Amino acid sequence: MSAHNADSISTPLSLSHADWSVTFENPDPCAVKGSSVEFRCSYNYSERETVKNTAWSKGELINGLWKRVNLLDLPSLHNRSKYLSDLQHDCSLAIYDVQHNDTGYYYFKFDTNTLGRHSKKSVYLTVTGKTILHSVMPPDNVRLGDNITLKCGSSCQLSSVVWFKNGQPVTKLEFQAEIEDAGNYVCAVKGQESLRSDPLLLDVQCKYLDLSISVPPGDILRLWVLSFSLSVICIHFELSGSFISNFFYTHTKNMNISNNSVVLFTDPPLNVSVEMSYLGHLKISSSVNLTCSSAANPAAYSYTWFRGANSSFSSMVQVGTGQVLSIPSVDVSHTGLYVCQAMNHLGSDNSTGVLLTLDDEIDSGYTGETGK
């Protein structure tokens, strides 16, 4: 509505007429789908009056006419809205599990023992999709020592954001990349950590040390790397002019080169873990991603997903492959215990089980008009 566009200012709106007024603290709130939003509101009236009833309504286009519909009469907001105020001066409203169809204009009214007052101005709610993950460096082209800045954003202005790497909190959003910084990063609005962004895989590649080594047949060359400014480097080996391999190498380990072969002390997948993108009440038709992570040298090249009714791995069935298992529309058949198996050429390991359940119960409710 054009009238609202003229009222979209950053300072509070005061609508006064004689001794009464309604003030919306933020007339243009923005919320991420699935989160909660609060309309902070206050109202005043003459000391000679007594407030009898209060209510919120939403602007709806019905049969071509613009009408204010009481929230009690909107089924889409049943059990998802709550009046937080009183019959004094507070008229705040909360909406939970915000959906795209909640976008629109909201109005407040109150009735006294003499007159009824309707706010001429409105609160306009904008609902956007998931938060979007940003990194200043392309995730497939980060090398040791590169400067990394993590940024989280959406079409809404996010006041406070928290970050997680492989499910664990991240304290530094600007850092120089090390091998241990590799992993899956997600962000969320502080206080609503169950609504997380899609994961961003940060793959930290090493800086190469190029060596050309010639070894007579039958001889063994033992190469010790005693110290470097970085704890991990990549070594490119050529043996008698023939390319052998690029690989990670740490100064705490050694390797043997014998009979034109390279023997490394490396690791099969360890500490395999699963992170679920949705940590709140998971409902039918919700979307959820399960992301598998592991520590391995070399990195795991295969991820396999299994689901079962209990923790016995032998009773589980394979349900997918790849590092991320996506379920775009959850139903009862998807419930159960999920396990990820990570594998490289040295071996494999399984994660602990993550239980996926459904809960269609919603606790919060809208109390509607008060004082009746």
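Do we have GLN157 as over 24 Å from VAL274 (Cβ atoms), of a type outside the set (A, V, I, L, M, F, W, C) and open to solvent by 80 Å² or more (accessible area, probe 1.4 Å) here?
Yes; evaluated as a whole, the condition is true for this residue.
If the requirement is being surrounded by fewer than 19 Cβ atoms within 10 Å (Cβ to Cβ), within 33 Å of the chain's Cα centre (by Cα) and of a type in the set (Val, Ile, Thr), which of these qualifies: THR114, THR126?
Sole residue among the options that is surrounded by fewer than 19 Cβ atoms within 10 Å (Cβ to Cβ), within 33 Å of the chain's Cα centre (by Cα) and of a type in the set (Val, Ile, Thr): THR126.
Spot the failing condition for ASN271; the list is (1) in contact with a Ser or Thr (Cβ under 9 Å, 6 or more places away or on another chain); (2) at pLDDT 85 or above; (3) closer than 30 Å to GLY34 by Cα, and only one is missed.
Unmet for ASN271, out of (1) in contact with a Ser or Thr (Cβ under 9 Å, 6 or more places away or on another chain); (2) at pLDDT 85 or above; (3) closer than 30 Å to GLY34 by Cα: (3).
Considering only residues of region 188-205 that are small (Gly, Ala, Ser) and either in a loop (DSSP other than H, G, I, E, B) or open to solvent by 10 Å² or more (accessible area, probe 1.4 Å) (or both), which is farthest from LYS165 (Cα to Cα)?
GLY191
For every residue, the table says whether it meets (1) at pLDDT below 80; (2) under 17 Å from the mean Cα position of the chain (by Cα).
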residue: PRO138; (1), (2): yes, no
residue: LEU144; (1), (2): yes, no
residue: ASN147; (1), (2): no, no
residue: CYS152; (1), (2): no, yes
residue: ALA188; (1), (2): no, yes
residue: ASP203; (1), (2): no, no
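Within region 160-187, can you find the residues that are at negative phi, open to solvent by 40 Å² or more (accessible area, probe 1.4 Å) and in contact with a strand residue (DSSP E or B) (Cβ under 8 Å, 6 or more places away or on another chain)? Walk me through it before giving the result.
Going through region 160-187, the residues at negative phi turn out to be 160-165, 168-182, 184-187.
Next, only the ones that are open to solvent by 40 Å² or more (accessible area, probe 1.4 Å) stay: 160-161, 165, 168-169, 171-174, 176, 178-180.
Once the filter is applied, which keeps residues that are at negative phi, open to solvent by 40 Å² or more (accessible area, probe 1.4 Å) and in contact with a strand residue (DSSP E or B) (Cβ under 8 Å, 6 or more places away or on another chain), region 160-187 yields SER160, VAL161, LYS165, PRO169, LEU173, GLU174, GLN176, GLU178, ILE179.
The values are calculated or read from the model by the stated rules, or taken from the named source; none is laboratory data. The structure presented is a predicted model; accordingly, all values stated were derived computationally and were not measured. Here Cβ is always computed from backbone atoms with ideal geometry, including for glycine, and neighbour counts include all displayed protein chains. The area values use the complete protein model at the heavy-atom level, side chains included, leaving out ligands, DNA and RNA. Shrake-Rupley method; radii C 1.70, N 1.55, O 1.52, S 1.80 Å.
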